[in-house]
1. Grab the beta carbon distance between Leu42 and Ser15, set R0 = 25 Å, and tell me the FRET efficiency rounded to 0.05.
2. Expected output is a single nm value to one decimal: the length gained when fully extending between Glu33 and Glu129, i.e. 0.36 nm times separation in residues minus the C-alpha distance. What is it?
3. Can you give me the accessible area per residue for the chain, using a 1.4 Å probe, in Å²?
4. When the accessible area of the chain is computed with all protein chains present and a 1.4 Å probe, what percentage of it is carbon and sulfur?
5. So what is the relative contact order for the chain, in percent, with contacts set as C-alpha pairs under 8 Å and at least six apart?
6. Please give the charge dipole size of the chain, origin at the Cα centre, charges +1 on K and R Cβ atoms and -1 on D and E Cβ atoms. Round to the nearest 20 debye.
7. Which value in deg cm²/dmol, rounded to the nearest 500, describes the helix-derived mean residue ellipticity at 222 nm for the chain, given -39,500 (n - 2.57) per DSSP H run of n ≥ 4 and division by the residue count?
8. When 1/r is averaged over all different Cα pairs and the result inverted, which Kirkwood radius in Å belongs to segment 15-74?
Amino acid sequence: MRKAKYRTALLIDDSNIDNFINSEIIKSYNFVENTIIMDSPLQALNYMKRCLFTLSNIPDIIFLDLRMPEMSGFEFLNELSKISGVLRAGFKVVILSASYDPTDLKLAKGNDLVTKFIHKPLNGEALEELVVS
């Protein structure tokens, strides 16, 4: 089995089923050593604020859903971008969404924090592309 590409991934999705499936796929491909799952973007934002303030436990990669009730993925990114040191932290944000809305794709491409847009469901091929990039 190959060594994991990343140390820690943060999954942010309000769907517990999607979080379970995505974490199992990530685990089965030995993509990361540790997966943190949050079903609330507000909770995830607070987690990231703590990580960036203390410069510890910063995830290497964030998988972010767009359509969530309390805060959209784009609202999350907007708030995340306001945190001091966020661009220097060096983590990747991957949009993981069922959306095929061209506006969502355009907004994702125009966001400095977003590395890639992956359509659900997550799969091994998409993870392999992230390893190469």
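The values are calculated or read from the model by the stated rules, or taken from the named source; none is laboratory data. Because the structure is predicted, anything quoted here is derived from the model rather than measured. All Cβ positions, glycine included, derive from the backbone under ideal geometry; neighbour counts span all protein chains shown. All accessible areas refer to the heavy atoms of the entire protein, side chains included, with ligands and DNA or RNA removed. Shrake-Rupley method; radii C 1.70, N 1.55, O 1.52, S 1.80 Å.
1. Numbers: r = 16 Å, r/R0 = 0.64.
Here the calculated transfer efficiency is 0.95.
2. On the way: separation 96, 0.36 × 96 = 34.56 nm, distance 1.79 nm.
Gain in length upon complete extension: 32.8 nm.
3. On the way: 7220 Å² over 133 residues.
Spelled out: the 1.4 Å probe surface of the chain, per residue, equals 54 Å².
4. Working: 3890 of 7220 Å².
Carbon and sulfur: 54 percent of the exposed surface of the chain.
5. Working: 204 pairs, mean separation 32.0, N = 133.
Over the chain, the number comes to 24 percent.
6. Working: 15 positive and 17 negative charges, 119 e Å.
In total the dipole reaches around 580 debye.
7. Details: 5 runs with 53 residues, N = 133.
Per the formula, -12000 deg cm²/dmol.
8. Working: mean 1/r = 0.0795 Å⁻¹.
Mean inverse Cα-Cα distance, inverted, gives 12.6 Å.
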